[in-house]
Amino acid sequence: MNLPHNSLLPVSKLAASFGNTSATYKFYWLLAILELVEEGQVTIPKRHLFARMIGNAWYTVNYFHVSFGKQDLIQHAVLSILEQERLTIDVKKNVLLTVLENSNEKTTQQTLFHFNKNVPHWFLSPWFAKVGEENDVTYRKRIYSSSQLFENDCLYALYDDHIVVNPDWVNYLKENARILKDFIYWNLTLFLQVRNPNVPDIANKLIRAPFRESLTNQRKNYWDIVFKELGTVDCIFTNTALTIDRYALDHFVPHAFVSHDLIWNLVPIDTGFNSTKSDKLPNMETHFDGFFKLQKTAFEILHHYSPKSKLLEEYLTIYPDLSSTQNFDYSKYKESIQPLVTIAHNNGFGYLV
């Protein structure tokens with residue numbers, strides 16, 4: 001992916017900023033700068049930038065449980081601040097930023113300013129190559145002093161507690177903010193996919209969606225038809241008898257992991273249980289047989305009453321041939337679900353107790 005050209009700026013230096021990356025810091029650092037420049041800031045406190053780094057990684061770490069790698073301290077920072085500040089995983093971003101920018105908790109301040117050690121000056125390394133046997137301490141000092149003169153048309157000037165965005169770059173950042181963000185997320189997706197090879201849909205787990213898609217279609221045109229035929233359905237988790245006017249439609253493997261609403265992963269459950277289940281994983285030994293039996297029954301009913309339903313086609317990801325209900329095989333279904341549950345657990349999702 002190429003960045004927009006500008007004959008007056010060394011755009012190639014900016015494009016090279018992710019060239020030698022072993023953690024997510026640089027992605028979230030540049031994203032923080034972009035967001036604040038869009039808001040009209042050019043002299044930016046470092047604490048606000050570090051807060052943005054945490055804020056933009058918050059949902060990816062806490063809700064989707066995407067692994068940043070063992071050496072990545074943003075992930076550790078997010079998890080520690082969640083506990084230190086007694087916050088919730090679904091806290092609003094503006095509330096989170098206010099907390100992080102103003103907290104008097106020493107542990108929170110230390111967590112944020114840990115990133116000051118290397119991130120701000122290493123990001124500028126494409127503009128300032130090391131000279132000879134220059135050690136890290138001398139190199140850091142040189143970048144700070146040289147950047148304050150905007151040498152080499154560097155992106156920003158570095159000071160102890162803030163940065164100043166180079167005036168020559170401000171308009172470029174504002175005018176191309178959307179493309180630059182796409183550049184960041186594209187590179188971040190590639191970076192995280194390597195570290196989460198079996199986790200689906202990484203790209204859509206980097207930003208918290210403003211709203212979740214409604215399950216109205218799956219409810220009205222699939223499960224309601226099942227209820228009309230059967231009358232009641234037993235909840236696979238509580239054994240409660242569910243009725244068409246009193247059931248919740250939930251993801252067997254949590255949405256936070258699969259990141260889709262395909263019908264083969266949806267199941268009607270008790271509304272009270274749904275409010276407490278959160279993103280917990282089902283126990284395959286306890287819950288899968290009931291889930292499969294209900295799914296097969298539902299498929300047979302829909303296949304009979306609405307054989308041209310588009311929702312039936314969603315089972316093709318499990319069964320390439322569904323010309324007959326006889327092909328709705330127990331083993332194939334379990335072989336598709338079990339790895340998802342195992343990988344999700346390995347990524348930090350807990351089991352139902």
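Couple of notes before you dig in:
- Single unsatisfied condition, Trp169 versus (1) touching a residue at least 40 places away in the same chain (Cβ under 8 Å); (2) part of a loop (DSSP other than H, G, I, E, B): (2)
- Scan of segment 258-284 for residues that are open to solvent by less than 10 Å² (accessible area, probe 1.4 Å) and either more than 23 Å from His345 (Cβ to Cβ) or modelled with pLDDT of 95 or more (or both), ordered by number: Ile263, Asn265, Leu266, Val267, Pro268, Ile269, Leu281, Pro282
- Annotation: His287 fulfils all but one of (1) closer than 30 Å to Thr60 by Cα; (2) open to solvent by less than 20 Å² (accessible area, probe 1.4 Å); (3) not aromatic (Phe, Trp, Tyr); the unmet one is (2).
- Any hit, segment 152-170, residues being open to solvent by less than 70 Å² (accessible area, probe 1.4 Å) and among the polar types (S, T, N, Q): yes
- Here Asn198 meets the list (1) touching a residue at least 60 places away in the same chain (Cβ under 8 Å); (2) exposed (fewer than 13 other Cβ atoms within 10 Å of the Cβ); (3) under 14 Å from the mean Cα position of the chain (by Cα) almost entirely, failing just condition (3).
- Thr111 vs. criteria part of a loop (DSSP other than H, G, I, E, B) and either out of contact with any Ser or Thr (no Cβ under 7 Å at 6 or more places or on another chain) or surrounded by 19 or more Cβ atoms within 10 Å (Cβ to Cβ) (or both): no
- Scanning segment 35-56 for residues that are within 19 Å of the chain's Cα centre (by Cα) and surrounded by fewer than 20 Cβ atoms within 10 Å (Cβ to Cβ) gives a single hit, Glu35.
- Pairing each residue of segment 322-343 that is within 20 Å of Leu311 (Cβ to Cβ) and among the β-branched types (Val, Ile, Thr) with any residue that is open to solvent by less than 60 Å² (accessible area, probe 1.4 Å) and in a helix (DSSP H, G or I), provided the two are 6+ apart or on different chains, yields C-beta distances under 7 Å for Thr325/Phe299; Thr325/His303; Ile337/Phe288.
- If you check Leu312, Leu316, Leu302, Leu322 for being over 25 Å from the mean Cα position of the chain (by Cα), closer than 22 Å to His260 by Cα and assigned to a loop (DSSP other than H, G, I, E, B), only one passes: Leu322.
The values are calculated or read from the model by the stated rules, or taken from the named source; none is laboratory data. Since we're looking at a predicted model, the values are computed, not measured. Backbone-built Cβ (ideal geometry, glycine too); neighbour counts: all protein chains shown. Remember, those area values only see protein heavy atoms, side chains included, never the ligands or the DNA or RNA. Shrake-Rupley method; radii C 1.70, N 1.55, O 1.52, S 1.80 Å.
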